Amino acid sequence: MTVTEPTTSARTLVLTETVDRLSTATSSAQVTAIVAEAVRALTGADGATFVLREDDQCFYADENAIAPLWKGSRFSVNACVSGWSMLHRQTVVIADIYDDDRVPHDAYRPTFVSSLCMAPIRSSDPIGVLGAYWAEPHVPEPEVVRHLEVLANSTAVALENLELRGAIARRSAERDQEAARADELDAAMHSLVHDLRGPLGAMMGFSELVADGTATDVASAAAYAHSALGAGRRMSDQIDRMLSVYRLSTEPLHVEPVDLSAVAEGIAADLRVQGRAHGVTIEVEPAIRVSADPAMVHLLLSNLFDNAVKYTSTTDDATIRLRCVGSDGAFRTLEVSDNGVGFDASDADRVFRPLTRLHSEDEFPGTGLGLASVSRIVALHGGAVSASGAKGVGAVFTFSLPTAT
């Protein structure tokens with residue numbers, strides 16, 4: 001049976017249309033599908049493959065053929081003809097695959113292939129090859145081989161453009177993230193300055209009272225000094241808490257199986273001993289196990305429980321719950337909920353920003369850093385965190401951590 005090859009004008013039209021389609025491709029899957037189809041149209045072949053090099057492996061990324069070939073398979077570059085083409089930077093034409101030692105015969109026997117032609121993608125430094133296969137013995141005309149090489153070069157350009165487009169998109173996203181971080185840092189600095197001015201003003205005020213002789217006796221001077229010292233300690237504590245949030249990102253993780261339920265029960269017991277959870281029911285679902293850094297998840301739950309205790313302090317029959325609400329195998333989705341004062345749903349995205357407080361210091365004292373720590377700890381473990389709530393109803397904090405292995 002004679003193979004009918006496309007005419008020169010037909011091949012030229014195929015190349016023109018393919019280059020045009022590749023210029024608008026937005027994914028590697030689109031590129032491989034477009035090119036595999038074009039290889040058959042260009043050569044009149046019964047099958048085509050798109051092979052990519054992955055280190056010392058040849059990955060058959062896509063194919064277009066009258067019967068299955070090797071899509072999704074990997075072979076050593078030293079054990080297949082596509083690898084030979086890449087390593088030697090040469091186009092390969094084989095009229096009889098069983099008469100050439102470069103062909104892994106066992107891999108070809110289940111297929112329809114009798115003859116083949118392979119052209120490297122980017123001949124100077126191949127990143128893959130395009131393969132054309134015929135069911136009948138066939139040697140393509142030199143002009144057909146040349147057109148296949150032109151298609152391979154166009155494919156290299158398309159892949160490089162795709163990589164460049166991805167890099168630009170990543171850089172754009174990074175700039176957006178940097179801008180967001182800059183805005184967050186600017187807001188945090190303004191909040192920090194505001195928060196430190198209070199204790200600093202108290203320190204200066206009490207110190208002036210001592211310095212200008214207002215304190216007429218030792219007891220008064222001592223009282224002023226004691227107040228100034230207390231204000232200084234509050235300021236130092238605020239600075240330390242702020243630094244601790246940003247240090248989290250630089251601390252190495254020491255991941256191990258953790259019984260999160262046991263951690264939560266321990267924190268709840270401490271809150272009761274301290275008298276902070278008086279009249280509060282704390283319910284912990286048993287046997288919640290995750291893979292995490294023990295110290296970090298202890299801090300995470302401490303912050304969530306502290307937050308819940310604080311905002312249920314004016315609630316009768318206050319209840320705080322930790323439970324697992326789902327799992328996808330890799331991560332467990334967990335939830336800490338309370339029936340406290342809650343917050344407006346529109347503020348859900350703000351609660352995790354450093355130094356953000358939804359209530360005045362007089363209503364509920366705090367640093368505005370606890371939930372920021374929660375967010376960073378969850379992110380370091382590859383999870384996600386979110387908040388929901390309603391005023392006068394309560395709040396729910398949902399987060400995910402890796403499942404214990």
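The values are calculated or read from the model by the stated rules, or taken from the named source; none is laboratory data. Remember, it's a predicted structure, so these values are computed and weren't measured experimentally. Heads up, the Cβs are rebuilt from the backbone with ideal geometry, glycines too, and the neighbour counts pull from every protein chain shown.
All of E17, E5 fail the test of being closer than 20 Å to F112 by Cα and surrounded by fewer than 19 Cβ atoms within 10 Å (Cβ to Cβ), apart from E5.
Checking the structure you have, find out if any residue of region 135-142 is assigned to a helix (DSSP H, G or I) and either touching a residue at least 40 places away in the same chain (Cβ under 8 Å) or surrounded by fewer than 22 Cβ atoms within 10 Å (Cβ to Cβ) (or both). Yes, because at least one residue in region 135-142 is assigned to a helix (DSSP H, G or I) and either touching a residue at least 40 places away in the same chain (Cβ under 8 Å) or surrounded by fewer than 22 Cβ atoms within 10 Å (Cβ to Cβ) (or both). Only residues that are surrounded by 15 or more Cβ atoms within 10 Å (Cβ to Cβ) and closer than 18 Å to V39 by Cβ: list them for region 74-94, please. Hits for region 74-94 are C80, V81, S82, S85, M86, T91, V92, V93, I94. Applying the set (1) surrounded by fewer than 23 Cβ atoms within 10 Å (Cβ to Cβ); (2) modelled with pLDDT of 95 or more; (3) under 21 Å from S28 (Cα atoms) to R122 leaves exactly one unmet item: (2).
Regarding region 351-369, can at least one residue be identified that is part of a loop (DSSP other than H, G, I, E, B) and modelled with pLDDT of 85 or more? No: region 351-369 contains no residue that is part of a loop (DSSP other than H, G, I, E, B) and modelled with pLDDT of 85 or more. Pairs are defined by a Cβ separation below 7 Å, a sequence spacing of at least 6 or placement on different chains, a first member in region 66-93 that is free of Cβ contacts under 8 Å to residues at least 60 places away in the same chain, and a second member that is surrounded by fewer than 14 Cβ atoms within 10 Å (Cβ to Cβ) and of a type in the set (S, T, N, Q); the pairs so defined are G83/S76. Could you please find all residues in region 37-48 being crowded, with 23+ Cβ neighbours inside 10 Å and either charged (D, E, K, R) or not in a loop (DSSP other than H, G, I, E, B) (or both)? Once the filter is applied, which keeps residues that are crowded, with 23+ Cβ neighbours inside 10 Å and either charged (D, E, K, R) or not in a loop (DSSP other than H, G, I, E, B) (or both), region 37-48 yields A38, V39, L42, T43, G47, A48.
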